[in-house]
Every structure is written in C-alpha cells, then in structure tokens.
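The values are calculated or read from the model by the stated rules, or taken from the named source; none is laboratory data. The structure presented is a predicted model; accordingly, all values stated were derived computationally and were not measured. Cβ placement follows ideal geometry from the backbone for every residue including glycine, while neighbour counts extend to all protein chains displayed.
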Amino acid sequence: MDRDRHRARALRAQHDLRDAQGTRRGKHRGRTRGRSRTGRRGRGRRRDQRRAPPGGEMTQRALVGTLLLAALTAAPPAQAGLPHYAEESGLIATTPGTDDGSVAALWNPAQWGLLERSEAAFWWSDNQVLDHRRDDYGFSVGSGLGLSYRHRIFQAPGGPRGVGEYQIGLGCGDGGQAGGIAYGFSGPGRSVFGRENFLALGSILRPTPWLSLGSTGRIASGEQQGVLDLGVRPLSDPRVLLFASYALENDRHWDDGDPSGGIALRPIVGLLVGGRWSENERFQLTLGLTLARTGFRSLTQFAKSDRGATSYVGRLSPPVRGLDPAGRLLRGRRFLEMSLHGDAVYQSYRFFDERSLPLRRILEDIQFAIEDPTVGGVAINLSGFNGNVEMVWEVREKLLDLKRAGKKSVVYIDRAGAAEYYLASAADRIVMDPLGTLLIPGVQASRTYMKDALEKAGIGFEEWRYFKYKSALEALSRRNMSDADREQRRALVKAAYLEMAEGVAGSGRTTRARLDSTVNQEPYMSPRRLLELHWIDEVGGAEALREAAKTAAGTRVLLSKAREIRRRRWQPDEAWGPVPTIVLAYAVGDCAMDTGIRGRETSRALKKFRERRDVKAVVVRVDSPGGDPLASDLVARELKAYRRAKKPLYVSQGRVAASGGYWISMDAARVTASPFTITGSIGVIGGWAWNEGLGKKLGLTSDHVQIGRSADLFGGLTLPLLGVKIPERNLDEHERVVVKRAILELYDDFTKRVAEGRGLEIGRVREIAEGHVYAGREAVDLGLVDEIAPLDRTIEEAKAAAGIPKGRRVRIEEYPRQRLFPLPGLARWVAARIAGSAGGGGSGLAGDGGGALGGDVRGSLESSSERTYEERTLGRILLNPGLPLLLTPPSLLPDEPAAR
C-alpha cells in the first residue's frame with residue numbers, strides 16, 4: 001500500500017510537471033498560429049520597446065542566435081522531435097556547463113573534452129509506467145570521445161512504448177575552454193514519439209577560477225534548442241557554486257524561455273548537496289557521495305508540494321575529488337619500488353630507450369611518495385645506476401625531503417663508488433649484495449695534455465691566454481697544469497669532497513674523522529667490513545629490499561611501481577580556468593649555433609614562450625661548459641627580454657654552467673645551483689693551430705693567391721676524407737695585436753654584463769673573474785648565484801613568482817620536445833649527412849673560414865659526445881679559426897657521464 005501511495009504521488013507530480021510544460025508550449029503555439037510572421041514581429045517589437053532601448057532588438061537577437069547556434073524562427077513540428085531540456089536535465093545536478101563528467105555531456109558535448117580520464121556512468125529512475133520493470137535507465141562512457149544510451153517508456157495511443165536514444169560525442173579542451181559536437185539518434189519506437197536525429201554543438205568557457213560560461217545548441221529537421229548557463233564559484237574552488245541557466249526552443253520567443261538556477265555545496269570533500277529551482281514551483285534536490293574512484297547521486301524532482309521521480313546515478317572514475325578511505329585504512333602500507341638501473345639524463349627518447357632515467361621523473365616519483373598518504377616510503381635499487389654527482393645530489397635532496405616528511409627509504413647497492421654511497425647514505429636502511437664492494441678513495445680531477453702529440457703529428461698550436469685562470473686550452477699548449485689551474489682545480493676537488501663527507505657523516509652512520517681515516521686507510525671494503533662499521537644495515541640480494549622495507553616501516557608493506565600507485569591514487573583537477581604552463585628549457589652541451597645548446601633555435605623558442613599568454617614562467621636548465629660567444633649571447637638576449645616583459649625566468653645550473661654557460665645564466669631573474677655545480681669562468685680565450693710538418697708527413701702541399709695581408713691565414717691544407725682545413729702559418733705580431741684587442745673587448749663586455757645582470761660593482765666582478773671557476777656554494781658567497789636549490793625547487797619558486805597558488809596543477813612543457821627514438825650508428829651517420837647537406841662552414845676573423853666542410857664533419861669534430869673535451873676543442877678551433885671562445889676547462893669528476 002505504501003508503495004502504491006508513493007507511485008501515485010510520483011505520477012501526480014509528473015503529470016503536474018508535464019501539464020505545466022504543455023501549458024507554456026500550448027499557450028505559445030496558439031499565439032503563433034493565430035498571428036502572421038509580421039504580427040509576431042510587431043508584438044516582439046512592442047515588447048522590446050517596453051524592455052530595451054530603441055535599436056536593441058537586433059543586437060539581442062543576434063547575440064542569442066549566435067550563442068544558441070541555431071535560428072529560432074522555424075515552424076514547430078507536430079510532435080517533439082527533440083527531448084525537452086526539462087526532461088533530460090533531471091540527471092544533471094547543476095547546469096550542462098557547470099556540472100561535470102559524462103552525464104553532463106548528454107546535453108553539452110564539450111564536457112567530453114574536460115574529462116582527464118575515461119568515466120563510466122549509469123543511471124535509472126523510479127518513474128515507472130509499467131509495473132515490476134525499469135522504464136528509464138541508461139549509461140554514458142568515454143573521455144574525449146564518448147557514447148551514451150538512454151531507454152525510456154512512454155504512454156502511446158496503442159499502449160506503452162519504449163524508445164532507445166543514442167549519442168556519440170567528441171570534445172576537446174582544457175581547464176580554460178572546451179568545445180564539442182555530438183550526433184544523436186533513436187532506435188525502434190522513434191516514429192511513435194516523433195523523435196528526430198539531431199546534431200549538438202557545445203562550448204564551455206572558463207576564463208578565471210571563479211567563472212564558467214556554457215552554451216549548447218541542438219539542431220534537428222525543423223526544430224532547434226539552445227541552453228545558456230552561468231556558474232560562479234565565490235571562493236574560486238568547488239566548495240560553493242552558484243549557477244543559472246536559460247533554455248529556449250524554436251517555437252518560443254527569445255524572452256519566453258525556461259530560466260532556472262540554484263546552489264551546490266560541498267561542505268567536505270566527496271559530499272554534494274544541491275538545489276535547483278525553475279518556473280512553476282519546480283525544484284530538484286541533489287545529494288551525492290564520492291568515494292575515491294566511485295560516486296553516487298540521487299536527484300529528486302518536486303512539482304509544487306508533491307514529490308516526483310528520483311533519478312539515481314552511479315559513477316566510476318568521476319572527475320570530482322572524493323572521500324579517501326584508503327588514505328586512512330592503508331596509511332603508510334605501500335612502498336614505492338624504484339629501479340634506477342640506467343643513465344640519469346635530462347630527456348629520454350619516447351620509444352626504445354629503457355636505459356635512460358630522466359631526472360625530473362625520478363624526482364616526481366619521490367615527490368608523489370611524499371604527498372600520498374598510502375605510501376610509507378620508497379625502496380630503491382641502485383644497481384647499475386650511472387649519473388653525474390650533481391644529479392646524485394638532486395636525488396639525495398629529494399630523499400631527505402622524504403625523511404623530513406616522516407617517511408622511510410631503503411636502498412640496495414652492489415658495486416658502489418663514493419657517489420653511490422653518498423646517495424645511499426640518505427636512506428634509513430642500506431642493503432648490500434653479498435658480493436658487492438665499496439670503493440671510496442676520495443676525489444680527484446686529472447687532465448690529459450696533448451702538446452707533444454700535436455708536435456709529433458706536425459701541428460703547431462698557440463694559446464691566446466690573457467687571463468690568469470682561463471685554462472681551457474692548456475691541454476693543447478702545455479705538458480702539465482699551470483699553477484693557476486692547479487689552484488682552482490684543488491678548490492673544486494676540496495669542495496666536492498667536503499660536500500660528500502659532510503653528507504655521509506650527517507647521516508649518523510659514521511663520524512667525519514672516521515670517514516677521513518677510511519678514505520686514506522681502507523678505500524676498498526667488503527660487505528662484511530661495512531657491516532662491522534655500521535655503514536650498511538644488512539647483506540642480501542635485491543630481493544631483500546622487501547624485508548628491509550618492512551623493517552624500516554615497522555609493519556608489513558606492499559611494494560608497487562610508481563605507475564601502478566599513480567593509477568590507483570589518481571585525483572582529478574577540479575580547478576576552473578586555463579591550466580598555467582611552466583616551460584622547462586634545456587640548454588645542454590657546448591654553446592654552438594646548431595648543435596649543443598642550439599643557439600638559433602633556443603633563442604627563437606624562448607621568444608615564443610615569452611609571447612605566449614599561457615606560459616606563466618620559464619626555467620632554463622643550463623649544463624654547458626661554453627663555446628661560441630654568439631650562440632651564448634643569442635640565448636642571453638632572450639633571458640634579458642624576460643626582465644623587460646616582467647615574466648619570471650629562472651636558471652637552474654647543472655653540473656657545469658661556466659664561461660658561455662654563465663653568460664647564458666647572468667641575466668636571469670634568479671640563478672640556482674648545486675654544491676657540485678662548476679660555474680663562473682668569466683673570461684675569453686682563443687687559440688691557433690697550423691701546419692708545422694703535418695703536410696710533409698702526409699705528402700700534402702698547398703698553394704694560394706691572395707688579396708689582403710692576412711687572407712692566407714684562412715687557406716692551407718685540406719685533409720682528405722675529413723675535409724678539415726689547417727692554416728699554413730701562425731699569426732705574426734700585428735695579427736696577434738688584432739686578436740688580443742678582440743679578446744679584451746669581448747672580456748670587457750662580458751664583465752660589464754655580469755655586473756649589470758647580477759647587480760655587482762664592475763670592480764668586484766673583475767676581481768672574481770679572470771676565468772676563475774667556482775663550486776656552487778662559493779659562487780653563492782660571491783654573488784654569482786642566488787641560492788643552492790635543486791631543479792624541482794627552482795620550478796616551484798618560479799611558479800610562486802608567477803603568482804600561481806601552491807598546489808595548483810600546472811603543465812610542465814619541456815623544450816626541446818622529446819625525440820621519438822634513438823638512431824643506430826649507421827642511421828645517425830646518414831642523418832648527419834642529410835643535415836650537413838644544408839649546412840655551411842664556420843666563420844673566422846676574415847669571414848667564411850670553412851665553407852667546404854659538410855655538416856657531418858662539423859658535428860663529429862665539434863660536438864660528438866664520444867670524443868674527449870680536448871678533441872672537441874681542437875676541432876672547434878680548426879673549424880672556426882681565430883674565433884674567440886667562451887670555454888671552461890673539463891673539470892668533471894672521473895668517469896662521469898655527460899648530461900643530455
């Protein structure tokens with residue numbers, strides 16, 4: 001009996017609702033049929049004269065017509081070819097543009113473009129025409145591309161009939177704007193209700209975090225519909241939403257549509273309470289609950305004082321944040337499993353590049369472990385890890401952040417060196433393989449000198465060195481270190497050793513005195529000895545990481561890959577407004593125009609980023625020993641332009657950012673470095689190589705004619721196959737004066753720019769310049785660098801400088817774009833030949849100095865990572881004879897991989 005009374009109330013409420021709709025439609029249809037087109041226009045004009053200034057009618061009609069995407073003057077069909085908005089909006093909590101997910105996409109297909117991942121929703125209604133059977137139900141699923149189906153039963157002249165309605169939609173967009181298109185059609189039973197196939201167009205514009213504007217239009221044969229909606233978030237977040245909509249059909253005057261509005265509240269994450277009012281005393285109450293990846297809503301209709309039908313919606317992966325029971329029930333029960341077998345790099349290839357470990361991905365995985373409550377720590381396998389000491393420091397700093405967050409870390413090592421143990425010492429527990437070893441002999445920096453080799457080869461070389469510490473070409477002009485170079489190298493080695501020693505001692509595993517003694521007395525140790533010294537916690541294979549994690553956590557834990565946990569713990573971004581972009585640009589390698597940092601392309605890219613409105617800040621990662629002043633300056637000019645544009649641009653220095661690398665850095669709004677960064681080297685150097693017996697040994701001679709006293713400097717022997725040209729003589733005294741003047745002028749310009757960019761006195765800059773290189777902490781003390789900070793912290797500081805709230809999701813756009821896949825040796829050579837066919841030679845003091853060189857030879861001599869620093873430097877001098885260079889000596893620690 002209670003069920004019958006409830007069903008009677010529901011049917012009576014539905015009858016009142018449809019009766020009210022029919023009254024409005026019937027009233028208007030009668031008015032339309034009883035008047036000519038001219039009469040309707042006349043009545044509309046009289047209304048507008050009462051409500052708007054003269055001339056406002058055409059403007060208002062044009063605006064409404066554009067937004068609704070359809071003309072509203074066609075004659076109505078005999079039956080409703082399109083379902084009325086009031087019928088379909090019963091599944092929507094607010095409006096088509098302000099609600100979320102695949103259900104809202106039933107009316108506004110632009111919603112498909114706002115879904116970050118696929119959502120599946122299913123619904124049903126308790127409004128029944130037939131007993132013991134669900135009459136109104138359906139589902140929708142998709143992201144970007146979506147499909148929906150809805151089945152309903154209506155009373156027809158021959159009895160109840162059902163109709164199935166389908167939609168296929170396509171949308172694209174982001175948090176700031178989206179657009180979509182959908183095609184709707186009906187199955188069997190469509191003719192009974194006059195259903196027509198239709199095309200739907202929708203758009204959503206969210207220019208700010210607190211405003212949303214939506215518009216939707218549906219077009220069928222002879223009938224059009226449109227909806228405009230507005231949403232306001234007074235707190236700029238989902239907690240409070242005020243919304244309104246205005247629906248119009250083609251058989252009604254523009255000011256005779258259906259307005260509605262309401263409020264939606266989320267007092268706590270995952271709980272929704274909403275109310276929507278419309279004409280004829282209609283009201284909808286929405287109650288919703290979202291738990292992590294599932295959600296449920298009930299939407300109850302009221303007509304006047306009677307309760308109508310209730311629709312129920314279940315959702316999988318809804319685009320709203322929900323309650324997080326797993327965050328409490330599984331708090332700290334997972335450990336992030338990370339294998340760092342491979343090479344630490346800046347960018348990997350998109351495919352077929354399993355050995356590369358992008359630095360930012362490593363840091364982001366550990367940051368995820370810090371933020372997610374279900375993750376109690378990380379378990380890292382360091383076997384086969386290969387990274388320079390600066391990248392090791394960045395990963396270690398992130399592990400220390402993890403520890404400060406109250407979470408644990410365990411590390412497995414086998415054959416470790418000083419850098420690997422320095423990284424592992426930040427962990428709570430260290431496991432070493434039974435056959436592992438630790439080699440920790442200290443730190444050194446060595447250099448190979450080629451003076452005698454060049455003499456034996458018959459190549460003369462002269463170093464143009466006018467600054468005490470500018471030692472980049474010593475390897476070609478000397479047999480051993482100069483006193484100045486020895487002084488600065490000793491300082492770099494000392495700084496690196498102190499940083500690692502303080503880090504290891506600070507872990508509590510040993511004292512500084514004990515560490516120094518071990519380095520000098522026991523540089524090579526076995527797992528047994530390390531266990532005795534408490535430098536490691538246990539001996540075991542990689543499989544022992546699980547037990548080590550359990551011991552560190554004090555409870556049983558589950559090891560999972562980062563990708564798996566991220567998928568399970570995904571939370572949508574509900575913020576409105578365009579997603580701000582932070583650009584991370586890499587200036588890595590030698591400073592050259594078309595290789596290394598690619599001065600031409602990088603400067604053009606930085607200009608585009610400066611002009612793009614969606615780019616809020618730029619971080620340039622500089623890892624370069626220098627090279628061509630022109631390539632450095634092209635990039636530096638763009639950095640300076642950012643200051644004038646008042647757009648934040650920060651520089652994060654990697655392992656080496658010296659000479660030309662520092663030229664790039666000096667005009668940034670803020671410069672950060674690591675303790676292991678080698679920076680400074682403010683100075684200019686040059687050199688000259690010539691034939692001093694090489695031709696005789698090879699059986700080569702050359703001859704020439706010339707106009708111009710020094711023109712012959714840029715002729716000489718061309719080596720067969722290589723295409724390298726070697727001048728026949730050295731410079732005379734007059735030519736040396738010209739070269740010296742050019743170098744001193746460039747040095748004067750360099751120091752003035754440093755003083756201007758860093759806010760230092762010119763005299764102070766010249767005191768610390770002279771080509772001197774500095775480690776990161778000393779560079780901070782001298783004012784050449786602002787602070788010691790890793791890359792991820794620099795990005796966060798740039799976000800804050802751009803006014804982006806903490807926690808706001810941003811899009812990190814990397815430059816250059818990630819390449820697809822690595823080329824094998826032969827394919828790489830062919831690609832270089834193709835690229836070289838469009839390339840030219842380098843330029844020297846007298847103009848074109850090597851036009852006959854192919855780009856493949858230039859690339860192999862000047863920038864190949866397989867050649868030593870000294871070989872590349874000599875190649876650069878041969879390819880660009882007489883060109884002053886901004887170079888720093890190759891002061892990397894032994895066996896460190898080059899950054900890329």
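Would it be correct to say that residue 784 is buried (at least 19 other Cβ atoms within 10 Å of the Cβ) and modelled with pLDDT under 95?
Values: buried (at least 19 other Cβ atoms within 10 Å of the Cβ): yes; modelled with pLDDT under 95: no.
Considered against the rule, which asks whether it is buried (at least 19 other Cβ atoms within 10 Å of the Cβ) and modelled with pLDDT under 95, residue 784 comes out as no.
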Legend entry - Filter pass, residue 221 being assigned by TED's automatic domain parsing to the domain that holds residue 152 and loosely packed, with under 15 Cβ neighbours inside 10 Å: yes
Legend entry - Subset of the range 409-424 [assigned to a strand (DSSP E or B) and surrounded by 23 or more Cβ atoms within 10 Å (Cβ to Cβ)]: 409, 410, 411, 412, 413, 416
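Just give me the residues in the range 119-168 being small (Gly, Ala, Ser) and either surrounded by 15 or more Cβ atoms within 10 Å (Cβ to Cβ) or touching a Pro at 6+ places or on another chain (Cβ under 8 Å) (or both), in sequence order. Write out each step before concluding.
Of the residues in the range 119-168, the ones small (Gly, Ala, Ser) are 120-121, 125, 138, 140, 142-144, 146, 148, 156, 158-159, 162, 164.
Correct list: 120, 121, 125, 138, 140, 142, 143, 144, 146, 148, 162, 164.
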Inset, instruction - Tell me which residues, restricted to the range 587-604, are of a type in the set (Gly, Ala, Ser) and either more than 17 Å from residue 633 (Cβ to Cβ) or part of a loop (DSSP other than H, G, I, E, B) (or both). - result: 589, 592
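Which residues, counting only those in the range 345-363, are hydrophobic (A, V, I, L, M, F, W, C) and not in a loop (DSSP other than H, G, I, E, B)?
Just the residues of the range 345-363 that are hydrophobic (A, V, I, L, M, F, W, C), to begin with: 345, 351-352, 357, 359, 362-363.
Answer for the range 345-363, where residues must be hydrophobic (A, V, I, L, M, F, W, C) and not in a loop (DSSP other than H, G, I, E, B): 345, 357, 359, 362, 363.
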Inset, instruction - Collect the residues in the range 603-644 that are under 22 Å from residue 799 (Cβ atoms) and β-branched (Val, Ile, Thr), keeping them in residue-number order. - result: 615, 618, 619, 620, 622
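If you go through the range 425-440, how many residues are within 36 Å of the chain's Cα centre (by Cα) and assigned to a loop (DSSP other than H, G, I, E, B)?
Our first condition is that a residue be within 36 Å of the chain's Cα centre (by Cα); within the range 425-440, this holds for 425-432.
From what's left, assigned to a loop (DSSP other than H, G, I, E, B): 425-428.
Selection size over the range 425-440: 4.
Matching residues to (1) under 19 Å from residue 666 (Cα atoms); (2) among the hydroxyl-bearing types (Ser, Thr, Tyr); (3) in a helix (DSSP H, G or I):
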{"residue": "575", "(1), (2), (3)": "no, no, no"}
{"residue": "585", "(1), (2), (3)": "yes, no, no"}
{"residue": "606", "(1), (2), (3)": "yes, no, yes"}
{"residue": "610", "(1), (2), (3)": "yes, no, yes"}
{"residue": "617", "(1), (2), (3)": "yes, no, no"}
{"residue": "632", "(1), (2), (3)": "yes, yes, yes"}
{"residue": "635", "(1), (2), (3)": "yes, no, yes"}
{"residue": "640", "(1), (2), (3)": "yes, no, yes"}
Legend entry - All positions within the range 483-518 that are in contact (Cβ under 8 Å) with a residue 24 or more places away in the chain, among the hydrophobic types (A, V, I, L, M, F, W, C) and closer than 30 Å to residue 471 by Cα: 491, 492, 493, 495, 496, 500
Legend entry - Residue satisfying all of: in the range 294-317; over 16 Å from residue 272 (Cα atoms) and of a type in the set (D, E, K, R); surrounded by the fewest Cβ atoms within 10 Å (Cβ to Cβ) among these: 304
Inset, instruction - Give the residues of the range 800-828 that are at pLDDT 90 or above and on the phi > 0 side of the Ramachandran plot, sorted by residue number. - result: 803
Legend entry - Selection status of residue 130, in the same structural domain as residue 309 (by TED's automatic domain parsing) and modelled with pLDDT under 85: yes
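Go over the candidates 706, 653 one by one and state the one that is within 26 Å of the chain's Cα centre (by Cα), assigned by TED's automatic domain parsing to the domain that holds residue 621 and polar (S, T, N, Q).
Numbers: 706 fails: within 26 Å of the chain's Cα centre (by Cα).
Of 706, 653, the one residue that is within 26 Å of the chain's Cα centre (by Cα), assigned by TED's automatic domain parsing to the domain that holds residue 621 and polar (S, T, N, Q) is 653.
Given the criterion polar (S, T, N, Q) and more than 30 Å from residue 232 (Cβ to Cβ), identify the matching residue among 555, 581.
Values: 581 fails: more than 30 Å from residue 232 (Cβ to Cβ).
So the residue among 555, 581 that is polar (S, T, N, Q) and more than 30 Å from residue 232 (Cβ to Cβ) is 555.
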Inset, instruction - Mind listing whichever residues of the range 244-288 are among the small types (Gly, Ala, Ser) and part of a strand (DSSP E or B)? - result: 244, 245, 247, 260, 261, 262, 264, 274, 275, 278, 288
Inset, instruction - Look through the range 86-124, keep the residues that are modelled with pLDDT of 90 or more and polar (S, T, N, Q), and return whichever of them is farthest from residue 284 (Cα to Cα). - result: 118
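Tell me whether the range 317-334 contains one or more residues that are of a type outside the set (A, V, I, L, M, F, W, C), assigned to a strand (DSSP E or B) and under 30 Å from residue 396 (Cα atoms). Write out each step before concluding.
Pass one, the range 317-334, residues of a type outside the set (A, V, I, L, M, F, W, C): 317-319, 321-322, 324-325, 327-328, 331-334.
Now restrict to residues that are assigned to a strand (DSSP E or B): 334.
In the following step, the residues that additionally are under 30 Å from residue 396 (Cα atoms) were identified as 334.
Looking for residues that are of a type outside the set (A, V, I, L, M, F, W, C), assigned to a strand (DSSP E or B) and under 30 Å from residue 396 (Cα atoms), one finds at least one in the range 317-334, hence yes.
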Legend entry - Answer from 504, 443 - the residue that is in contact with a helix residue (DSSP H, G or I) (Cβ under 7 Å, 6 or more places away or on another chain), among the hydrophobic types (A, V, I, L, M, F, W, C) and in a loop (DSSP other than H, G, I, E, B): 443
Legend entry - residue 765, sole failed condition from (1) more than 14 Å from residue 662 (Cα to Cα); (2) surrounded by 15 or more Cβ atoms within 10 Å (Cβ to Cβ); (3) of a type in the set (Val, Ile, Thr): (1)
Legend entry - Filtered residue count, the range 164-182, keeping only those that are at pLDDT 95 or above and aromatic (Phe, Trp, Tyr): 0
Inset, instruction - From 362, 370, grab the single residue that is closer than 18 Å to residue 412 by Cβ and out of contact with any His (no Cβ under 7 Å at 6 or more places or on another chain). - result: 362
Legend entry - Pair list, Cβ < 9 Å and 6+ apart or interchain, from the range 690-719 residues that are without any contact (Cβ under 8 Å) to a residue 40 or more places away in the chain to residues that are among the aliphatic types (A, V, I, L, M) and part of a helix (DSSP H, G or I): 700/694; 704/711; 717/694; 717/698; 719/694; 719/698
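Could you count how many residues in the range 472-501 are surrounded by fewer than 16 Cβ atoms within 10 Å (Cβ to Cβ) and in contact with a Ser or Thr (Cβ under 8 Å, 6 or more places away or on another chain)?
Residues of the range 472-501 that are surrounded by fewer than 16 Cβ atoms within 10 Å (Cβ to Cβ), as a first pass: 479-480, 482-483, 486-487, 490-491, 494, 498.
Still in the running and in contact with a Ser or Thr (Cβ under 8 Å, 6 or more places away or on another chain): 482.
Total meeting the criteria: 1.
Residue check: is residue 369 of a type in the set (Gly, Ala, Ser), over 24 Å from residue 558 (Cα atoms) and either crowded, with 20+ Cβ neighbours inside 10 Å or free of Cβ contacts under 8 Å to residues at least 40 places away in the same chain (or both)? Spell out how you get there, then give the answer.
Values: of a type in the set (Gly, Ala, Ser): yes; over 24 Å from residue 558 (Cα atoms): no; either crowded, with 20+ Cβ neighbours inside 10 Å or free of Cβ contacts under 8 Å to residues at least 40 places away in the same chain (or both): yes.
Considered against the rule, which asks whether it is of a type in the set (Gly, Ala, Ser), over 24 Å from residue 558 (Cα atoms) and either crowded, with 20+ Cβ neighbours inside 10 Å or free of Cβ contacts under 8 Å to residues at least 40 places away in the same chain (or both), residue 369 comes out as no.
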Inset, instruction - Scan the range 431-456 for residues that are out of contact with any strand residue (DSSP E or B) (no Cβ under 9 Å at 6 or more places or on another chain), loosely packed, with under 14 Cβ neighbours inside 10 Å, within 30 Å of residue 716 (Cβ to Cβ) and touching a residue at least 12 places away in the same chain (Cβ under 8 Å) and report the count. - result: 2
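Please pick out the residue among 687, 683 that is crowded, with 22+ Cβ neighbours inside 10 Å, assigned to a strand (DSSP E or B) and not acidic (Asp, Glu). Full working, then the answer.
Details: 683 fails: assigned to a strand (DSSP E or B).
Unique residue meeting the criteria: 687.
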Inset, instruction - Answer yes or no as to whether residue 598 is assigned by TED's automatic domain parsing to the domain that holds residue 802 and within 18 Å of the chain's Cα centre (by Cα). - result: no
Inset, instruction - Return the pairs, sorted by first residue and then second, in which the second residue is assigned to a loop (DSSP other than H, G, I, E, B), the first residue lies in the range 792-811 and is basic (Lys, Arg), the beta carbons are less than 7 Å apart, and the residues are 6+ apart or on different chains. - result: 799/810; 808/575; 809/573; 809/575; 809/579; 811/579
